[in-house]
1. Looking only at the range 249-262, decide whether some residue is touching a strand residue (DSSP E or B) at 6+ places or on another chain (Cβ under 8 Å), within 12 Å of ligand 2 (Cβ to nearest atom) and farther than 15 Å from Phe208 by Cα.
2. If only one of Glu177, Glu183, Glu227, Glu189 is of a type in the set (Asp, Glu) and within 16 Å of ligand 2 (Cβ to nearest atom), which one is it?
3. Looking at (1) over 32 Å from the mean Cα position of the chain (by Cα); (2) within 15 Å of ligand 1 (Cβ to nearest atom); (3) small (Gly, Ala, Ser), which one does Ser242 not meet, given that it meets all the others?
4. For Gly294, indicate whether it is within 16 Å of ligand 1 (Cβ to nearest atom) and of a type outside the set (A, V, I, L, M).
5. Residues that are touching a Pro at 6+ places or on another chain (Cβ under 7 Å), over 20 Å from Gln68 (Cβ atoms), among the aliphatic types (A, V, I, L, M) and surrounded by fewer than 20 Cβ atoms within 10 Å (Cβ to Cβ): does the range 313-329 have at least one?
6. For residues in the range 335-378 being closer than 24 Å to Val284 by Cβ, at pLDDT below 90 and assigned to a loop (DSSP other than H, G, I, E, B), which is farthest from the chain's Cα centre (by Cα)?
7. Go through the range 100-122 and give me each residue that's touching a Ser or Thr at 6+ places or on another chain (Cβ under 6 Å) and either within 14 Å of ligand 1 (Cβ to nearest atom) or among the small types (Gly, Ala, Ser) (or both).
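The values are calculated or read from the model by the stated rules, or taken from the named source; none is laboratory data. Here the structure is a predicted model, which means the values were calculated and not measured. As a convention, Cβ positions derive from the backbone with ideal geometry for all residues, glycine included, and neighbour counts pool all protein chains shown.
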Amino acid sequence: MSQFTHTKYKPFPVINKPDRRWPSQQITKAPLWCAVDLRDGNQALIEPMNVAQKQKMWALLVKLGFKQIEIGFPSASQPDFDFCRWLIEENQIPDDVTIQALTQARGELIERTYEALEGAKQAIVHVYNSTSPVQRKKVFQLDKAGIVDIARNGAQLVLDHSKKYPDTQWSFEYSPESFSSTEIDFSIEVCNAVIDVWQPTPDHKAIFNLPATVECATPNVFADQVETFCDNINSRDSIIVSLHTHNDRGCGVAAAELAVMAGADRVEGTLMGNGERTGNMDIVTMAMNLYSQGIDPELDLSNADEIVRVVSECTQIAAHPRHPWLGELVYTAFSGSHQDAIRKCLAQQKGDEPWDVAYLPIDPKDLGRDYQSVIRVNSQSGKGGVAYILENDYGLQLPRWLQIEASRKVQAHAEQESIEVSPEKIWDIIQKSFMSGKDGQQLSAYHLDRNSDHEAIRATLTTKGNKESEVTINGQGDGALSAFCHALESAFGISLEIVNYDQHAIGSGTDASAVGYVQVKINGNRYCGISKDRDIISANLNAILACLNQAIPSQEQDIAV
Ligand code: KIV
Ligand code: ZN
């Protein structure tokens with residue numbers, strides 16, 4: 001009998017809320033951010049951060065622009081206490097940054113928290129106790145009044161101890177832990193009890209932090225809870241409503257976004273979402289979501305690689321290559337139709353116009369990523385990807401007829417090897433398939449005589465393969481290319497007809513070179529050739545020779561002179 005029995009679980013109750021307003025709100029500015037990497041994030045690590053890692057994480061958070069940073073749980077952890085002292089005693093806290101320390105609502109722990117924070121210019125003391133039915137009944141075996149007492153007494157102790165350190169500007173934060181699993185009326189009752197103790201004012205607000213300690217409902221339910229809280233809490237103008245979502249259902253960011261729409265002012269989270277179980281809400285994701293909507297996230301996330309490197313070094317957790325906004329693969333397209341669309345949009349995107357590129361919600365350059373990695377080629381890729389890489393990395397603007405041929409060759413390789421094809425390998429395939437190697441015929445010199453209605457060519461060809469030789473061939477035609485084809489036809493006893501050709505310059509000034517692309521029919525079969533040369537005519541003639549070298553391998557090249 002299967003153990004996978006859904007009847008074991010019950011649905012989360014929804015709030016009946018006829019006056020629901022948040023669905024029609026829009027976020028127009030960044031919330032106040034508070035990074036909890038050094039506390040909640042750190043508590044969730046297999047190996048908590050050592051001193052060097054904490055210092056590195058701290059430096060990054062400050063550099064990114066966080067103004068509130070929870071630095072630990074100093075009353076519960078000596079390393080957190082020591083780190084807090086290091087920050088204060090070594091003057092590591094910029095004037096505009098406020099550190100925050102977490103404590104349970106217990107006298108001795110609150111006292112120790114103040115000892116850790118002594119000497120800080122400003123600090124937030126964050127006190128919490130759990131409020132949900134399961135915690136009340138099974139963990140604390142307390143009724144609602146007992147839980148309110150813990151909160152009220154804790155708040156009182158926080159206030160009392162603060163008076164012993166008048167040189168610090170104190171702010172207070174209270175979290176009804178497991179808020180999202182608590183009856184909303186009771187959450188409000190507990191928080192009102194704390195407000196009665198702290199007596200916050202609009203000039204000296206207290207923070208009320210509403211955790212989805214375990215995410216157990218869809219984000220709309222959390223938004224309803226937060227809107228209800230904002231509407232019914234006492235002294236709303238004297239409190240900062242903060243959010244602290246976890247990601248158990250994978251919606252930590254969505255829940256925070258909807259709850260900001262529902263009226264919250266502040267958001268706690270971690271970089272890239274490290275935290276208990278499936279993690280805390282990911283501040284980078286939420287901030288980048290804002291950024292991609294034209295809202296200043298008030299964090300500088302422009303060095304994505306540094307964020308990924310420091311977070312993985314400190315947490316010892318590798319970044320997922322598809323992590324929102326920051327993953328190694330998130331600006332990369334493998335599928336042919338995506339590559340084609342991206343290439344076309346990038347070519348039309350003008351610097352001063354709003355970003356509008358299919359499949360790329362933001363400009364990867366904003367995060368310090370370049371377009372090099374935007375298009376990568378595997379067996380799913382089409383002509384667009386190969387064309388993009390050849391243009392971006394090698395300056396070749398393949399005409400459409402050649403894009404199809406080139407992508408066939410690359411795709412055959414990708415299918416055969418079942419691997420991604422690197423730009424270097426693509427270039428190798430293109431060279432081997434369409435460009436003359438050292439063995440075939442090379443053009444070493446040519447001379448054109450131009451009359452009014454036709455041209456005569458005298459060209460010297462060399463082979464450097466097994467049998468090195470040099471021959472001179474002559475031909476006539478109504479242009480340089482047809483004269484050259486005629487010369488080759490006579491010299492090699494073949495029929496040779498140009499089907500397509502194209503050319504362009506690469507670079508400018510004295511460094512400029514030219515690329516010629518041709519498609520020819522030799523003895524009824526089609527071949528494509530590419531050549532990069534110092535001038536356009538040489539490029540085209542060598543491209544024709546590249547076709548000849550494919551049609552007639554060098555050892556069979558019998559020249560009739
Ligand atoms: O997830 C949680 O509820 C917490 C609180 C201590 C804020 O981390
Ligand atoms: Zn948490």
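1. There is at least one residue in the range 249-262 that is touching a strand residue (DSSP E or B) at 6+ places or on another chain (Cβ under 8 Å), within 12 Å of ligand 2 (Cβ to nearest atom) and farther than 15 Å from Phe208 by Cα.
2. Values: Glu183 fails: within 16 Å of ligand 2 (Cβ to nearest atom); Glu227 fails: within 16 Å of ligand 2 (Cβ to nearest atom); Glu189 fails: within 16 Å of ligand 2 (Cβ to nearest atom).
After applying the criteria, what remains is Glu177.
3. Unmet for Ser242, out of (1) over 32 Å from the mean Cα position of the chain (by Cα); (2) within 15 Å of ligand 1 (Cβ to nearest atom); (3) small (Gly, Ala, Ser): (1).
4. On the way: within 16 Å of ligand 1 (Cβ to nearest atom): no; of a type outside the set (A, V, I, L, M): yes.
Taking the combined requirement at face value, the residue does not satisfy it.
5. yes
6. Arg376
7. Across the range 100-122, the qualifying residues are Ala101, Thr103, Leu109, Thr113, Ala120.
Yes/no matrix, rows are residues, columns are (1) in contact with a Leu (Cβ under 8 Å, 6 or more places away or on another chain); (2) small (Gly, Ala, Ser):
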| site | (1), (2) |
| --- | --- |
| Gly336 | no, yes |
| Gln339 | no, no |
| Lys350 | no, no |
| Ile362 | no, no |
| Ile375 | no, no |
| Arg408 | no, no |
| Gln416 | no, no |
| Ile426 | yes, no |
